[in-house]
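Read through the structure below, which is laid out as C-alpha cells, and then see the notes.
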Amino acid sequence: MAHLLVIESWVGSMSRLLPRALGESGHRFTFLTRDLHHYLRAAPVDGPHPLLAAENILTVDTNDAAVLLPYAERLHGLLGFDGVLSSCDYYLPQVARVAHRLGLPGAAPGAVEAACRKDLTRRMLAEAGVPGPAYALCADREQARAAARAIGYPLVVKPVDLCAGMFVREVVDETELLVAIRALEAFPVNARGQRREPAVLLEELLTGPEVSVETVSAGGAAHVVGITDKSVGGAPAFVETGHMFPAALEPAEARAAADTALAALAALGLDQVVAHTEIKLTPGGPRVVEVNPRPAGNRITELVRRVTGVDLAAAAVDVALGRQPDLAVRSTGVTSAAIAFLVPEGGQAGLLDGFDGEEVVRRDPAVVELALAGAGREVRPATSNNEYLGHVMTADSGGAGARGAAERLLAGLTPRLTAAAAAGAAVADTEAVEAVEDIEDAVGTAVGAALGVALGAASAEAEPAGVPA
C-alpha cells in the first residue's frame, strides 16, 4: 500500500475519480490545499465528500513554490510519500516540482510547464515540426492588431494559462479582437488565486472535426489508449457539448491523429504522465490544439473505462508511483459510450428551479448516468465548460449509437428558471458549512486542527501539529 501526496484537485468528476482509484488500489493519500473552502462550495448531494477519504488534510500556500517545496520536503520526512499527483491543471507544474524535489517519480518539471502554457507548447511543437495553427504571442494590443492582420481573420484569441475554454474566442475583425482582449485583461487572477500571464495568444482558426487522443506514458514509452470525438458549440466561444468514445474515424484518420499526438508528447519531452491531446482533423491533416498532461476531464475517462475497462485515473496513480499501469483492454459488452452536456442557451438566465422531462429521461434504459444541477443554481449563458447544468451518459452494446442516444435524451430536458436572487448564494453557503462539519466530525481531532487552519482559525503560515518547523 502506497501513500500519495495529492496537491489540490478539481471540484468536478476527477475529484471523485482520483480518490476512488486510490481506494480501490489500496492506497492512502494526504491532501494539501491552500483553500479548503474551494472544495466545499459545491457540496455533493449524492454521496460523501471525496475529501473524507483523505488520511490527512493539511494547508499551505500551494501557489508559492518557495513555500510549498520545503514544506513538502519536511512533510515527506514525517509521513513518507511514494508519489505526488493532482488533477488540476493549475497545479500540475507544482506537482512536477515537488516530485523532483522529493526524488519521486514524475514528469520533468520543464515538460509539464511547457504543456500547461499554451505559448510554450506552440513554440516547442513548431520547433519540432509538429503540425499546428499559425500563431503569434502578443504582449499588448498593438502587437495583437499587427499579428491578427498577418495571420488573417477569422482567428482565435486565447489566454496562455487558463483552461476549460475560458476566454477562448473566435473573432472576425479588429473590433471583436479588442473586445476579447479587454475581457481577458479584466481577469488578471485565476480561480485559484494565481496571477495570470498577461500575454495573449492569437491562432489561425482551424476547421474540421475535433478529437482527443488519450495516452499513457511510462518508462519512456507512450501508449495510445484510444481516441475520443468532441462536439463544440457556444460560438463565438468554444464550449464542449459532448463526447463519444471511441471516435467514429476511418483507420487512416485514427492513425494520423494518434501519430500526431505521440509526436507532440515527444516534442514536449513528456513521460510518466497520462495525457489528453486535443487535435483538429483539418483538410490538410491533423493539427494539435493543445496537450494536457493529465487524464481527460468532462467524464471522458468514464467513457473510456466503460468501453475498454482501462481506468485512466488508476493509470495516473500508477505512473505517479513509477509503476507500469494495466492498460489491457477487456471485454465490457459496450462498443461505444457518449456524454452530452446541458449547456445554457443565450437567452437563459436566472435561478434553476428544476428540469422538465427529468423523470422520463431517468427511466430510459439507454441512460447509464444522469447528473443535473440542483435547485438554486445560478444559470447564465455559457462562455466556457464551467457553466454546464448537467449531463446524460449513454452506452451502446451494438455499435456507435451512444452519441445519438445521448443527444436524443438531452433534448428531452428543459431547465425551469426563476428570477435571480441572493437565495442561490445562501444555499451554497449552507451546503459548504454542512460539508465542513461533516468532514471535521469524520476525520478526527488532528486533521480537524488542520482544517481549522484552512478555515482561518490560524494564519496560512501555521504548521499543522507534528510537522517540524
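The values are calculated or read from the model by the stated rules, or taken from the named source; none is laboratory data. Remember, predicted model here, so these are calculated numbers, not experimental data. We place every Cβ from the backbone using ideal geometry, glycine too, and count neighbours over all the protein chains shown. Quick note on the areas: whole protein, heavy atoms, side chains included, nothing else; ligands and nucleic acids left out. Shrake-Rupley method; radii C 1.70, N 1.55, O 1.52, S 1.80 Å.
Brief remarks on what is shown
- Under a model in which nothing but the beta-carbon of Lys, Arg (+1) and Asp, Glu (-1) is charged, region 1-90 shows a dipole of about 180 debye around its Cα centre.
- VAL307 contributes about 20 Å² of solvent-accessible surface, heavy atoms of the protein only, 1.4 Å probe.
- Considering only GLY297, LEU265, LEU321, the residue lying farthest towards the positive end of the dipole of region 256-321 is GLY297, judged by Cα position with unit charges set on Cβ.
- Charge dipole of the chain about the Cα centre (unit charges at C-beta), most positive-ward option of PRO93, THR383, VAL60: PRO93
- Within the accessible area of region 37-116 (1.4 Å probe), percent carbon and sulfur: 56 percent
- Ranking of ASP259, ASP356, ASP161 by solvent-accessible surface, largest first: ASP259, ASP356, ASP161 (1.4 Å probe, protein heavy atoms only, all chains present).
- Proximal charge balance of ALA65 [Cβ under 13 Å; K/R count +1, D/E count -1]: -1
- If you take the Cα centroid of region 81-116 and the Cα centroid of region 211-245, the two points sit 22 Å apart.
- FRET efficiency, VAL67 to VAL179 (Cβ-Cβ, R0 41 Å, nearest 0.05): 0.60
- Each residue of region 206-221 was assigned a 3J(HN,Hα) from its phi angle through the Karplus expression (A = 6.51, B = -1.76, C = 1.60, θ = phi - 60°), giving 8, 10, x, x, 10, 9, 10, 9, 9, 10, 10, 10, 8, x, x, 10 Hz with x at Gly and Pro.
- Which of TYR90, TYR71, TYR135 is most accessible, then next, and so on - probe 1.4 Å: TYR135, TYR90, TYR71
- FRET efficiency, LEU79 to ARG363 (Cβ-Cβ, R0 51 Å, nearest 0.05): 0.60
- Of all DSSP beta bridges in the chain, antiparallel share, percent nearest 5: 85 percent
- Probe 1.4 Å, all protein chains present, accessible-area order of HIS3, HIS37, largest first: HIS37, HIS3
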